[in-house]
Amino acid sequence: MRRYGYGIVGFLLVFNLQFPPGLPQAIRAIDYIGAGVLLALSLYLVRHRSLPRRLFLRASLVVGVVGIWIAVSIVDGRSLVEPVRWLLALGYAFLAIKGLSYKETRPYFLKGVLSGAAGNLGVLILQVLGFVGLTVQLGIAAPDTDFLNAVGGAWRPPGMYGTNGTSAVAVLCVPAALALYENNISTIWSVVAAFGVVIATSAITLTRSSLLVAVVVLAVWGLLKAKGVKQIGGTFLTAALVISGVAVFGPPGGWDRWEGASLQSENAQIRIRTTVASAELAVQYPTGLGRSGYQDLLTNRTGYSATHNALTYLALSGGIPVALTLIYYLVGRAATIFRQRDFVSWLALTLLGLFMWEEILRNPTFIAASVLIVLAGLSNRYPSFSIRP
């Protein structure tokens, strides 16, 4: 029964239901899980007064930097929703690490992530079929999501998290599939299926970045797996076939998102300009400006209110200490991909790619995934914990 429980934990990471449904900014499933685990963990500490040292130090680091964020928010009168969500994610990350710590529960957690990504695709299909209202009533879509988003006259269904957020969440099934395959738990077809989910999600939402990140991650994996010139050549041949397929059937997001070199150049310049400007603002305001407090300043500088980068968004929202802590563990854990290829390492590499495109750290799923990486540290030996009755 415990194994299936961890499967649900993995499932809810990417299929993050909201309750009560139909309300903007509703509490998500992993918020409830996080609160419950933190309560249980507090009772455990009162009784046993000990935790694994590495786990305690990393948890203390998260509490410390988020605590500064909360203190500044109280002084400046900002919303506490986002920093509190980071603290709740600490509880979820504890539980996820425990599931990843044991061979008998790890496959269930990873398969839960795969199932959740497929569920995200299912929500998109329901919306395409005209059941948008039903998805809101069931708590699998937020009512404040932009349902009128369109590109080139084509409607873009928002899914569970908005078009960009939904397509980004779907990519999390790729590191899960790679971890299952590397541990000889599943065949190569799980990786193919995961990539298929990403392709379908990208096609329906007309997004580009998620599929591009998935391709890069899979290319890195292919090069690391290749042994000898023939296999490396095979990897590049596969890449050539993918490029040929794109030329024939269209690129990520459809041709409407790519037509015109000048349009693509302008889009790239906008993203670079907003990212650089948001980084400069973060240096000027090292304790942050709140979830939306920076938008007027950024608009005055660039003409756009979005940073187009999750890490500079985090620096502007919560402050440089929070952003630097996350960057340190993301880069450090992604770098370990050359010596240990587990779920957290692939997850860190995937998040680094996704964070370069949009402000997706507004999404509670990516907050929980980020805290999970911090707690896991730079080793594949996760510091597990237990709560005894």
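Bear in mind that the values in this text are calculations on the coordinates, not laboratory data. Keep in mind that what you see is a predicted model, and the values were worked out from it rather than measured. For neighbour counting, all protein chains shown are included, and Cβ atoms are generated from backbone atoms with ideal geometry for every residue, glycine included.
Packing around the peptides 86-94, 128-136, taken as the average count of other Cβ atoms within 10 Å per residue, puts them in this order, highest first: 86-94, 128-136.
Between residue 272 and residue 104, the modelled label-to-label distance comes to 5.5 nm, taking each label 7 Å out from Cα in the direction of the beta carbon. The residues 189, 346, when put in order of fewest to most other Cβ atoms within 10 Å, stand as 189, 346.
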